[in-house]
Structure formats: structure tokens, C-alpha cells
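Worksheet: the structure to be examined is printed underneath.
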Ligand code: SF4
Ligand code: SF4
């Protein structure tokens, strides 16, 4: 599949959902269905930052063709802006087969999870949806390696709290992945449909390069769906932190037990390989979990600002919960003084929230000298 032509999308979606029992089996008698796209930040469809608007329309049309669901809403809590601003930038208007709603209020997680995630606020609409359909975009991610079905549900965390949770989980990407997996289990979409018609490679998830990946994929199991995307992109699932955690917790089925229906995955393998945003974590070499933070320290991944691209908007400093970024003095005139300064030695925790929100793509991931010298984890997989 190479385009977002609405007819092609409709027939691809119908074909995709048929082996899962058809849309009626998911919608049932629910009066309302909630769609959770990837609305990272307001960006036009050609940037491949957000789920393509035609996928939202196609899924909404499919849902409305079922016997139930008189109301379909799409919502997310973007890192920058609101769901409505993202929708507008994507070209979604008033007369869509669904309504777009902003997420303003959260509900504190209670029950078994309360102790572990003290004060974790999740969107009530997403957490309590009778039928939640997850609509992720296939992209690279500076910290988690990829963002697809599992990571997309982190959007249930209220916007301004996302960076705080990055900060609380600290430098260890596995700790952050555990949080993401717990959140995914709390919101638990009934169905996941991945938009990989045009994906993003390179400096994802916000400023990478759009690249045709050529497919849509669906599953009731987000972990299995992400693992298949990894197989296509040639990434060992152990190198994706969320999948490593899912495997630990028994949530990811063994790869040989994942039934793949449709064209063989070899059909979609990218040539040249999909370019990543960060060096590969090298977990598939049997590295024990306790060594991961150590290895990450050796790799010493840090944000780096490309001076020539920075417009000193200040978004990066606002997004940094570690307060590691100092904006330049308004009187600064030349050179390094003109761009924000990152305290990578004492404050930065390498969460890459700044890289995610930078509207100019001016922040990239830089590996430390040791990693570069020994060629650890090349960025092309
Ligand atoms: S967000 Fe990007 S463009 Fe804005 S100040 Fe930071 S580095 Fe510069
Ligand atoms: S500077 Fe960027 S990567 Fe470092 S802690 Fe702040 S937001 Fe995270």
C-alpha cells in the first residue's frame, strides 16, 4: 500500500480487520468508540509525525458501518499543543465521521497500581473507554528505539505530566519502559491498527524523515504488533525496551507463535535498512538487565543542538523536567551563545523530551566518544 487514497484505505482496513473477526466484534453494542491516534504535535500529514488523517477517517467510517457506535471520538494528549490543534494542522475539519476532543482532566490511578505510580494521572476518556482503538504511527524514537502500538498509549498521561514521568524514572530506559507497559495495561486498547503506509526514520519521533513503509497492520495484542514491526525493520525485539519489559512480564508471545496473516513480512523489508534515531542498545547479545544502564552510560547518549537549525523558540527548555537547558541571554549575538546550553554533565538524564518537541528538528542524539570509537550500536540497523 503506497498511498492514503480514501478508497484504498477503506478496502485495506476492511481486509485487515476481517481475519480478526470484523469490526462488529470490537464495537459490539457500545454507544461510543474512542480512537487514540498519535498526535505528537501539530504537524502537516506530509511530515509523518502524526497518524495520517485518512486512517482516522477510514477507521471512523468502518466503526460507523457496524451495528453499534453512534458516536466516534478521537482524542490524545500531545506533548505540544492540543488534540484539536493537531487535528486542524492535519487538515481535519468540521464534517468528519468523528469528533475531536481535547484532554483536559486526568483521573488518578487507583487500585493495585496506586502504590507503584503515586499520583499518576491518566486521561479518564482513554482509561474508561468502553471501546478504545489505538491508531499508532510507525516511527523511530530517540529513547525507546521505536514508537508504535505500545508507546502510543503513553499519550494517556496528561500532556504536562509526561516530562515529569520521564524525570521520575531517571536515566534508566528500562524503568521508563516499565511505566509505559503498565500504562498500556491500564488503558488496554481493544484493537491496534498501525499506520505504516508512510513511517518515519532517522531523528524520530518528531523530526525524522518520512519514508514509505508500505503497509497497515492490526492486532489485538500491541506487543505482538510491535514485534512484527521490529521483524520488518530488522530490529531484535530485545533492543526495544518496551518489548524487553513485555517479554519479562509474559505479555509478549514467543515470535514463532505470532500468526501473521497477509503478505509475507519479507515483502516489506526496507532496503536500505530503516535508519534509527539512536545507536542500537545491544540487548540482544544476552546483556543482563543490570548492565543496561551501565552500557547506556558507556554509550553516553546525549542531546546535541544543531546551531544552524535552532530558532531559539525555547520549547526544549520548557519540556525539560530536569531543568538542564538554559536559554541564551537576549543580548547574545554570536556563535554558541545564541543557542540553548544543555548541562549534559550534571543535569541531563537523556530522556530526549527536548528532541521530541523541537519544532525545527535542531536536536539530535549524539553517542559518547567510546561508543563512536568502538562503533557500538550503529544507527542504521
Ligand atoms: S526547541 Fe529547538 S529550535 Fe527551539 S530553542 Fe530548542 S533547540 Fe532551538
Ligand atoms: S536536556 Fe533534553 S534529554 Fe536532557 S534531561 Fe532535558 S529534556 Fe531530557
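Only the coordinates and a few stated rules stand behind these numbers; no lab work does. Quick caveat, the model's predicted, so the values are computed rather than measured. FYI the Cβ positions are ideal-geometry reconstructions off the backbone, even for glycines, and counts take in every protein chain you see.
Points to keep in mind about this one:
- Cβ-Cβ distance of residue 105 and residue 311, R₀ of 41 Å, FRET efficiency by 1/(1 + (r/R0)^6): the value works out to about 0.80.
- 0 to 90° range, to nearest 10: angle between helix 53-64 axis and the chain longest Cα axis: 30
- The Rg/Rh ratio of segment 99-197, with both radii computed over alpha carbons and Rh defined as the Kirkwood radius, is 0.94.
- Under 20 Å from the residue 188 label point (7 Å along Cα→beta-carbon), backbone N, segment 135-164: 135-136, 149-157
- Pairs of alpha carbons in the chain separated by more than 33 Å make up 26% of all such pairs.
- Gain upon complete extension [residue 347, residue 128; 0.36 nm per residue less C-alpha separation]: 75.2 nm
- The simple spin-label model puts a point 7 Å past each Cα toward its Cβ; for residue 31 and residue 291 those points are separated by 5.7 nm.
- Estimated FRET transfer efficiency when R0 is 35 angstrom, pair residue 302-residue 257 (beta carbons, to 0.05): 0.35
- Segment 230-260 residues near the modelled residue 271 label - backbone nitrogen below 18 Å, point 7 Å along Cα→Cβ: 232-235
- Taking 247, 143, 238 in turn, the Gaussian network model of the chain (Cα-Cα springs below 10 Å) assigns the largest fluctuation to 247.
- Among 196, 156, 18, the residue with the largest mean-square fluctuation in a Gaussian network model of the chain, with springs joining Cα atoms closer than 10 Å, is 18.
- Between residue 209 and residue 24, the contour length at 0.36 nm per residue exceeds the alpha carbon distance by 63.0 nm.
- Between 0 and 90°, nearest 10: helix 6-17 axis offset from the chain longest Cα axis: 80
- Label-point gap, in nm, between residue 164 and residue 2 - each point 7 angstrom along Cα→Cβ: 4.8
- Neighbour-count order for 133, 103, fewest beta carbons within 10 angstrom listed first: 103, 133
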